[in-house]
1. 7 Å from Cα along Cα→Cβ at both residue B:2 and residue B:27: what's the point-to-point distance in nm?
2. Run the quick spin-label model on residue B:191 and residue A:146: label points 7 Å from Cα toward the beta carbon, then report their separation in nm to one decimal.
3. Which distance in nm do the two modelled labels at residue A:245 and residue A:132 give, with both placed 7 Å along the Cα-to-Cβ direction?
4. Using a Förster distance of 51 angstrom, determine the FRET efficiency expected from the C-beta separation of residue B:181 and residue A:230, and round it to 0.05.
5. For the protein assembly as shown, with equal point scatterers placed on the C-alpha atoms only and solvent neglected, what are the log10 I(q)/I(0) values from the Debye formula at q = 0.05, 0.06, 0.11 1/Å, to two decimals?
6. log₁₀ I(q)/I(0) of the stretch A:75-178 at q = 0.13, 0.21, 0.24 Å⁻¹, via Debye over equal Cα point scatterers, no solvent, to two decimals?
7. Helix-only mean residue ellipticity at 222 nm, chain A, DSSP H runs n ≥ 4 weighted -39,500 (n - 2.57), per residue, nearest 500. What is it?
8. Inside 10 Å of the C-beta atoms of A:77-88, what's the mean count of C-beta atoms belonging to other chains?
């Protein structure tokens, strides 16, 4: 059942050390909580431990999925999308007229999107939701005969679909994109990358986690310049900058010690920097949404830290990471100049010409 | 057969409703209870029943409208699976009173799930309660009356829709109450309604 084509040795070591570090930090959190005379705020420590625990769970499930095959990983991400999106829609008010649209948005589009990602059909999965999905949502709500707050409603539903499904689906797309290249100084050009593709996905997840963690700790310890107190009282510029640079350092270290990506050492650091900035933007955006809905410390409806909070940072980082990597190292191989020989395909392409 | 269908139905109901169950000043118990809840969706009874712990679920019977649940083989089968107590809303007569029927059916073993509003409310406001709850506790004062607030069910399956949309919902179970001696019908029904209303903000 298990098959390690998606993970090579450095990737497995990275995974194990990541889970170990998270487990140690979780243990430290538990220890700090037990000590009653500790000066650190109890709630902060509890939030920290809870974050660590949910990251551990997520990492272990992702690792199991990666060990099986691409299909399981895609299903895993679909399920995360599903859960995040239902939380998102629950938090945003919709009207009864939106019901049929929501059915499409929660059950039909996400499944179609992940099937296309699994099929590696880039031309379609890269536009399915931004083009077909967003127009469909607007039209379907118009057909439902309820115009109140129309623009606001379509914006909410489209945004949920875009963030929870479209953006996140770019994480498993790292596994299905064909081909990845790497720079080879001897050949003086790009050569096909031989590494296991799971490494790229793992790199993304590890950097996002690390960045979130540094951001959290720096905010709580010496964050002074609060970015937007109305959105979040403690998120600070120090946190964003420290997270970005610490991530860049970790990116460099990962590529030096455990090369899991096709990047060069400097490139890996730059990529980690981009991921970290996107992760910070993602969690900030999620807080703005929650504050707008008046959910400061989570309402009663979505308990504790929902899936949505946990993945907001990955959702923002994944598409940018995918596209930047694709821009530099994912050039499609130009097919040999040969006429299309499949008769059926040729026939279909000719139909419009006959009509004209 | 039920050994397979009950867990399957429960799993589907839980997945579709994403329900979290909260006990506030109330503990799960297999004593005889009447869970009374606000009614906003056809799925209310099913989801509340499915979310209860297994031992309690086994002895809890939702009270449901006969005209809805006998229509079509699927509904009829489902009402059999969750052991629903079907009440004929059209033919309520003195010799055929639903209260007597409930009391006969539950004996000394079963608990009930009732929706005292009678039918589903369309907006978030609860309708005035029907008097059944009062007469039930008048005849069986030993039953614990447990208020339940169902949040967000109406968005999962609103009135007039047939496809559920899987959102997240929350079930809050509050502290038990009883009919006080000498309490009038209106006062009691008002108090019961308030008990659910209070759970909304917890």
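Quick note: the coordinates plus some simple rules give every number you see, no bench work behind them. Everything numeric in this text was worked out from a predicted model, so none of it was measured. In this analysis, Cβ positions are derived from the backbone assuming ideal geometry, glycine residues included, and neighbour counts consider all displayed protein chains.
1. Output for this residue pair reads 2.8 nm.
2. 3.8
3. 4.7
4. 0.45
5. -0.28, -0.39, -1.09
6. -0.43, -1.01, -1.26
7. Details: 14 runs with 233 residues, N = 356.
The helix-only estimate for chain A comes to -22000 deg cm²/dmol at 222 nm.
8. Values: counts 0, 0, 0, 0, 0, 3, 3, 0, 2, 8, 3, 2.
Whole-number average of other-chain Cβ neighbours for A:77-88 is 2.
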